[in-house]
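For reference, the structure discussed in these notes is given below.
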Amino acid sequence: MTEHRFPVRIYYEDTDFSGNVYHAAYLKFFERGRTEFLRDLGVHHAELAKDGVAFAVRAMDIQFDGAAHIDDLLDVLTTVEAVTGARLSLKQTILRDGVVLTRASVMVVAINAQGAATRMPKAIRDKLASDAPQSKSTASG
C-alpha cells in the first residue's frame, strides 16, 4: 500500500478569528491531497469527464485532534483502504512535523453525467487496486 504525501502551507485565508485553521479548510486540504494522489497515479479529472465519469464524496468521517496555525507546513497523507466497482475508500491524515492534527475516512463514488453511481473504468480500478492493501488468505491445515 502506497502512502501519498502532499504538502500544504497555511495562509491567513485558512484561519478564523482565533488564529487556528478554520475547520472547513481541512476539507479543502483533504480534497487537494486526493486530487494529487489520483494525478500521481495518472488519473486526471478532466480525462474522466471526457468519459462521462466524475468522483463525488459520498461520506466523510473527520476527527480533529489538534489545530494548525498560519505559516504551518502540513503534510496530507492519503492511502487506499478499499476499491470496488464504483467506490473508493481512503484514509487521509494531516500532520504537522509528524504530529497528527486531523484524520478522515473518505468514501468516494464514481458518478455519471446525470449524477448516478457508475462503475469506474477498469484501468482506473486497476491502478487504485494496486495501491490498496491486499487481503491475506489463511491456510487451513
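Between His69 and Glu31, residue separation times 0.36 nm minus the direct Cα-Cα distance comes to 11.8 nm.
At full extension, Asp126 and Val100 could sit 6.4 nm farther apart than now, given 0.36 nm per residue minus the alpha carbon distance. Near Ala86: Cβ cut-off under 10 Å, other residues only, Lys/Arg at +1 and Asp/Glu at -1. The net charge is +4. Peptide packing for 55-63, 20-28 was compared via the average number of neighbouring C-beta atoms within 10 Å per residue; ordered from the highest value, the list is 20-28, 55-63. Within straight-line reach of Lys122, meaning a Cα separation under 19 Å, sit the following aspartates and glutamates at least 8 residues removed in sequence or on another chain: Asp40, Glu47, Asp51, Glu81, Asp131.
In this rough spin-label picture, where each label sits 7 Å from Cα along the Cβ direction, the His23-Ala113 distance is 3.9 nm. Taking the Cβ of Leu27 as the center, what net charge do the other residues with Cβ under 12 Å away carry, scoring Lys and Arg +1 and Asp and Glu -1? With Lys, Arg at +1 and Asp, Glu at -1, the net is +1. Net charge in the neighbourhood of Ile10 (other residues with Cβ under 10 Å of its Cβ; Lys, Arg +1, Asp, Glu -1) is -2. Treating r as the C-beta distance of Tyr11 and Ala82 and R0 as 30 Å, the FRET efficiency rounds to 0.35.
Treating the angle as unsigned and between 0 and 90°, give the value, to the nearest 10°, between the Cα long axis of helix 25-40 and the longest Cα principal axis of the chain. With rounding to tens, the tilt is 40 degrees.
Taking every C-alpha pair closer than 8 Å and separated by at least 6 residues, the mean separation divided by the residue count of the chain gives a relative contact order of 28 percent.
Every read-out reported here was derived from the displayed coordinates using simple, explicitly stated rules and does not represent laboratory data. What you are looking at is a predicted structure, and each value in this text was computed from that prediction instead of being measured. Note that we place each Cβ from the backbone using ideal geometry, even for glycine, and neighbour counts take in every protein chain shown.
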